[in-house]
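Since the structure comes first, as structure tokens, the remarks are kept for the end.
The values are calculated or read from the model by the stated rules, or taken from the named source; none is laboratory data. Computed from a predicted structure; not experimentally measured. For neighbour counting, all protein chains shown are included, and Cβ atoms are generated from backbone atoms with ideal geometry for every residue, glycine included. When the accessible area is computed, the model is the full protein with side chains, heavy atoms only, and any ligands, DNA or RNA have been set aside. Shrake-Rupley method; radii C 1.70, N 1.55, O 1.52, S 1.80 Å.
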Amino acid sequence: DPAPRLWLARLLRWAALYLALQSLLQFATGRNLFGQPRSADGELTGPYQNPRAGAPLSRLLFPALLPVAGRWLARLGWWPLAGAGLSLAGMATMVLIGQRMPLLLTLLGLFATALLLPRLRGVVLAMALGAGLLLAATSVLSPPAFYRLVTKFQVQMADFPDSHYGQIAARSVNIGLAHPVTGTGFDGFRAHCSDPAYFGGWHGGDGGGAAMCVQHPHNFYMQAFVEGGFPGLLLFCALALAWLRAAGRGLWSQPDPLRVGLFVAALIQLWP
């Protein structure tokens, strides 16, 4: 029904605004409304105690922002400028938060938005260029964000197989290949990660041993493979495609901004 959907759309917008304002307050003053500082590694935590603001905001940003920006850009007077400014502010917040994958997935979302909403391509281009300029400026404006997004990211990607994330991926593959039909069951990565039978890195060795173990594989598809083997992985892929097919039905011919925003949110949530 239209009324509940309208309320849900409003809640999404308020949630996105709340996350963004808490993050910007922490950037400006050093603490959020609860008195909590940045994380130890420099990311803005928004309303959370730990660095978790980037992921939910990257998903909320598109269904919250695209309908408003679309309406404002279609009006006369100063409204188009306000729509562009709001869009740039949303992208700037994602950069300042300083979380790498949420920022990269937001850029993926911009690309999908430009494909589906031609009338917003100018704003999307401005958001992408603004993100690049602000990223360069964070070396002065926010050195912790620059360290996370540029310096540390370069170091990790230069030798990804031997990084912590690379070790997690290798351990996931080892566990999954050892149980290709049934998987290990629920929470299998946590239960089996420290078993020496699954030690091994991409280039040999013990792949970090038990010291690299964390709660989960940090990737939905790896987790499906570990817990459900190849059948679980294939079923999860089929589910993801079914969700995206339903969310994207008709968008190419009738790209409503709210529906595009919801599709983009699902796309970046499910991106492997």
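Quick notes on this structure:
- Normalised contact order of the stretch 1-116, rounded percent, pairs of Cα under 8 Å and 6 or more residues apart: 24 percent
- Loop-resident sites, the stretch 10-94, for chymotrypsin sites (Phe, Trp or Tyr not before Pro), counting at most 12 other Cβ within 10 Å (DSSP): Phe34, Trp78
- Just the protein heavy atoms count here, and of the accessible area of the chain at 1.4 Å, carbon and sulfur take up 69 percent.
- CD proxy at 222 nm, helix term only [per DSSP H run n ≥ 4: -39500 (n - 2.57); per residue of the chain; nearest 500]: -22000 deg cm²/dmol
- Here the Karplus relation 6.51 cos²θ - 1.76 cosθ + 1.60, evaluated at θ = phi - 60°, turns the backbone of the stretch 156-170 into coupling constants of 5, 6, 5, 9, 4, x, 9, 6, 4, 5, x, 5, 4, 5, 4 Hz, with x for every Gly and Pro.
- Label sites at Ser253 and Leu108, each approximated as a point 7 angstrom past Cα along Cα to Cβ, lie 2.9 nm apart.
- Inter-label distance, nm, simple model (7 Å from Cα along the C-beta direction), Leu125/Leu86: 2.3 nm
- Per residue, the accessible area of the chain comes to 53 Å² when a 1.4 Å probe rolls over the protein heavy atoms.
- Taking all protein chains as they are arranged and a probe of 1.4 Å, the heavy atoms of Arg5 leave approximately 150 Å² accessible to solvent.
- Test item: Cα-centred dipole of the chain, Lys/Arg +1 and Asp/Glu -1 on Cβ, debye: 1100 debye
- Accessible-area value, His203, 1.4 Å probe, nucleic acids and ligands omitted, Å²: 130 Å²
- Using a 4.7 Å Cβ-Cβ cutoff, the cysteines of the chain lacking any partner cysteine are Cys237.
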